[in-house]
Amino acid sequence: MEGKIEVKICTGTLCYVMGGAELQLIDEHIPQELLPHVDISGSPCLDFCEKVAGSAPYATVGGKVISQVSINKIVAAVREQLDEKK
């Protein structure tokens, strides 16, 4: 498998207070078998609040924007992208 799937989490104030606070601990909650396949980072602002339909918090998984993101949504998106690479 080539490269890791980039997971970028918005850590901006709006995303943080709209539920993104739990996302700061994602590496503790993501299944162990997925960890070697992802590169998780935070960003002070992904600049999606006014440009993308949906609502905070936001994240990207492999370049795909996810609104109202949760740990479960990120895990599902990572699994989907891994399945596509097979």
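Report which label in [x] 64; [y] 47; [z] 41 holds the value of percent of Cα pairs over 17 Å apart derived from the coordinates of this structure.
Checked against the structure: label [z].
If you roll a 1.4 Å probe over the chain with all protein chains in place, what percent of the accessible area is carbon or sulfur?
Roughly 50 percent, rounded to a whole number.
For the peptides 61-71, 26-36, what is the packing order when you average, over each peptide's residues, the other Cβ atoms within 10 Å and list the highest mean first?
61-71, 26-36
The values are calculated or read from the model by the stated rules, or taken from the named source; none is laboratory data. The shown structure was predicted, so the numbers you read here are calculated from the model rather than taken from an experiment. All Cβ positions, glycine included, derive from the backbone under ideal geometry; neighbour counts span all protein chains shown. Keep in mind that these areas ignore ligands, DNA and RNA; they rest on the heavy atoms of the full protein, side chains included. Shrake-Rupley method; radii C 1.70, N 1.55, O 1.52, S 1.80 Å.
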